[in-house]
Each structure stands twice: as C-alpha cells, then as structure tokens.
1. Between rounded, prolate and oblate, where does the stretch 1-75 land on the alpha carbon gyration tensor, with a ≥ b ≥ c its root eigenvalues, rounded for a/c under 1.5, else prolate if a/b exceeds b/c?
2. Decide, for the stretch 71-131, between rounded, prolate and oblate: order the square roots of the alpha carbon gyration tensor eigenvalues as a ≥ b ≥ c, take rounded if a/c falls under 1.5, and otherwise choose prolate if a/b is larger than b/c, else oblate.
3. Quick one, which of (i) 28, 20, 14; (ii) 42, 17, 12; (iii) 23, 19, 18 is the actual semi-axes √(5λ) of the Cα gyration tensor in Å calculated for this model?
4. Using a cut-off of 26 Å between alpha-carbon atoms, which lysines can reach LYS149, once sequence neighbours fewer than 8 places away in the same chain are excluded?
5. What net charge is computed for the residues neighbouring THR102, neighbours being all others with C-beta under 11 Å from the C-beta of THR102, Lys and Arg scored +1, Asp and Glu -1?
6. Give the lysines whose C-alpha is closer than 30 Å to that of LYS46, dropping any in the same chain fewer than 8 places away, or say none.
Amino acid sequence: MTDQGTIWLTQEAYDKLQAELDDLKGPKRQEIIEKIAAARDEGDLKENSGYHAAKDDQGKQEARIRQLEDMLRRAEVGETPPDDGVVEPGMVVTVDFGGGDTEKFLLGARENLSEGDTLDVYSPESAMGAAINGKSKGDKVSYTAPTGKELSVTIVDAEPYKA
C-alpha cells in the first residue's frame, strides 16, 4: 500500500506487524551484518556471490522495514466491528454485480488476514470500498470504477472477519 491513507488494523494484526518490525530491526539486521562481514572477509568482492547475495538480502530487508514503519505510522487500530450487517472496515462483504455474479472480500487491509487466508481485500478508500462503507445488507450502491465505468452492486452480506 503506497497511498498515504489510513490503514485499518485489528490490534492482533498491529501487534504482529510490530513484532515483525522489531525482529527485522534487531536480530535479523544483525544477522545480515554478520553475513556481509563474513563474505567480505573471503576476499575479492567483485566475484563474491555470498557478499552480493547478503547485500541483496539487506536491501530487501531494509525495504520491508520502511514498509512496516509506514504502515504502522498510518495504522488505525480498531476493534472487530459488530455483526449488524453494516459495511465497515473489518467486515467480510459479499456483493452482487448483477445476474448472480458475486464477489466476497475483506474491507480493510491485507495485514488483517490470517496466514494462508486467500480472501480478496479491498481498501475502504477504493472506489467500491468508499461507496459501500456505511451501507447495509440489501442496499444497492453505484460508484465510478477507476476505468471511468459506472458500476452498481447490491450488498448481499456483511459480517465481521474472523481469523
């Protein structure tokens, strides 16, 4: 997520991301530094694949650290929403595009999903997310897709996400 909007997270998801960040900035960062130092001691850096691999790992790790810091800075931690049929972040929503063409997704941030969960995720700031946010089961909502096409969906169901 590269936009500067708020990211809705459960406390559990926030804590998980914070623990990952702490691990990357502490033990994992030290591990990479030691790998680079060991590879550097092997001699010629130009043809040292271990050194280049360690530097590549370091770059990826530092990028992940920056991503996590950004997400946590923009995070809005909230409780699981009530099971009242009203669409809001943290809800699994099923919409009907017409003719029985339905889609089920989490309105929120991918970081809220349990490991291995393959549910699609829509941001509350997306065109459809913003249009359905605050609406209830049975409501028909129109919105303009990023392509400029006018679409409408009917909210079939909205229930709190359960990890």
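1. Working: a/c = 5.05, a/b = 2.50, b/c = 2.02.
It is prolate, given that a/c is not under 1.5 and a/b is the larger ratio.
2. Details: a/c = 1.72, a/b = 1.56, b/c = 1.10.
Because a/c hits 1.5 or more and a/b exceeds b/c, the stretch 71-131 counts as prolate.
3. (ii)
4. LYS104, LYS135, LYS137, LYS140
5. Working: positive: LYS104; negative: ASP96, ASP101, GLU103, ASP157.
Residues near THR102 contribute -3 overall.
6. LYS25, LYS28, LYS35, LYS55, LYS60
Here, each number is a calculation from the coordinates, and none is a lab measurement. In this text the structure is predicted, and so the values were computed from the model without any measurement. For neighbour counting, all protein chains shown are included, and Cβ atoms are generated from backbone atoms with ideal geometry for every residue, glycine included.
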